[in-house]
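Have a look at the structure below before the remarks.
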2 protein chains.
Amino acid sequence: MRIGELAERAGTTTRTLRYYESRGLLPARRAENGYRTYDEGDLRLIQQIRTLQDFGFDLEETRPFVDCLRAGHPAGDSCPASLAVYRRKLGELDALIGQLQSVRTEVGAQLARAELEASAELPGGPEPRCELGPTAPQSPVGPNWEDER
Amino acid sequence: MRIGELAERAGTTTRTLRYYESRGLLPARRAENGYRTYDEGDLRLIQQIRTLQDFGFDLEETRPFVDCLRAGHPAGDSCPASLAVYRRKLGELDALIGQLQSVRTEVGAQLARAELEASAELPGGPEPRCELGPTAPQSPVGPNWEDER
DNA sequence: CCTTGCCTTGACGCCGACGTCAAGGATTAC
DNA sequence: GTAATCCTTGACGTCGGCGTCAAGGCAAGG
């Protein structure tokens, strides 16, 4: 199997596979003409990588799983190094979820407060001001700031 | 107040303030010698921006709040456009938290399953294999893959 | 006068995971 | 024979939010 077919079967691109190879994951045998050659095991490697990436693992974190598979183990998480990554990730996830929840709470509180103050001014308010609506482009074409592209 | 003092009082850097200016937030008056000049209102602008950034808002999302403050309103979220951003952010946060929680569940399940299988092989297992531990650098210096810098 | 310390603009670097184009070799299809 | 399709390496672009020089102007103290 050559790189194009492997990419298609894995639902990815050849660029991605070459990138994996450049990072030391997914090594490739070469045919006589220099073409990369792959087998079914390589397909499983890629599937392992993509699964973990879908979980939010970055490439470097998938390395223990890949090494484990390439060492002949039945699953990428059959090795202690992979389990260690799982555990670390669980901790990171818990921390992140906690932070996001507290942010959610704070933002929700800010919204509630701002809505209250808005409704306190609108109905019998003295002046009806604040014309900056959500769908207002206000300045026609946009000012001059266009440096530092 | 010049840019250095403002940066220090805001707990940020001059580079950051110039960057904000280049993005159209935080406009600056100029003294005769070309130096940027700021007042207390600009400090509040920056504080508003940093607060939102701490919440995970990106710079572009802070624009309505900044515009609102510069329009003379008492708070950055006194305008409907800001409230709209709040609401959109709440939705994004809920979606993200939900995704992360389901990932957490899945990773937790994978870990539990892998631990089970490991303990089922170890105690009375036939061959004690799998030497790839968490603290093993295995290959001495690392292979040759170092292209695509 | 000279140094020090602020300020100015301009421009490149960084990080991660690739996308995209370029130039050319190999193979296959007609 | 030649066109179409695959493959190769190399290298630059992307996105956000700045960090980090570099080269030079302006003001104040000793």
Tally of residues being buried (at least 18 other Cβ atoms within 10 Å of the Cβ) and within 12 Å of DNA strand D (Cβ to nearest atom) across the stretch A:37-46
1
Checking A:Gly98, A:Gly91, A:Gly41 in turn, the sole residue that is of a type in the set (Gly, Ala, Ser) and within 23 Å of A:Ser22 (Cα to Cα) turns out to be A:Gly41
Filtering the stretch B:3-36 down to residues that are more than 10 Å from DNA strand D (Cβ to nearest atom), more than 13 Å from every other protein chain (Cβ to nearest Cβ) and open to solvent by 50 Å² or more (accessible area, probe 1.4 Å) yields B:Glu5, B:Glu8, B:Arg9, B:Gly11, B:Arg29, B:Arg30, B:Arg36
Here are some residues: A:Ala95, A:Ala114, A:Ala81, A:Ala109. Which one is under 29 Å from B:Glu115 (Cβ atoms), more than 19 Å from the chain's Cα centre (by Cα) and more than 16 Å from DNA strand D (Cβ to nearest atom)?
A:Ala81
Kindly indicate which of A:Thr37, A:Thr51, A:Thr16 is modelled with pLDDT of 95 or more, under 16 Å from the mean Cα position of the chain (by Cα) and more than 19 Å from B:Glu106 (Cβ to Cβ).
A:Thr16
Spot the failing condition for B:Leu25; the list is (1) in contact with a Phe, Trp or Tyr (Cβ under 6 Å, 6 or more places away or on another chain); (2) outside any helix (DSSP H, G or I), and only one is missed.
(1)
Is the stretch A:94-110 home to any residue that is more than 7 Å from every other protein chain (Cβ to nearest Cβ) and surrounded by 20 or more Cβ atoms within 10 Å (Cβ to Cβ)?
no
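The values are calculated or read from the model by the stated rules, or taken from the named source; none is laboratory data. Note that the structure is predicted; figures quoted are calculated from it, not measured. Heads up, the Cβs are rebuilt from the backbone with ideal geometry, glycines too, and the neighbour counts pull from every protein chain shown. The accessibility values were calculated without ligands, DNA or RNA, using every heavy atom of the protein model including side chains. Shrake-Rupley method; radii C 1.70, N 1.55, O 1.52, S 1.80 Å.
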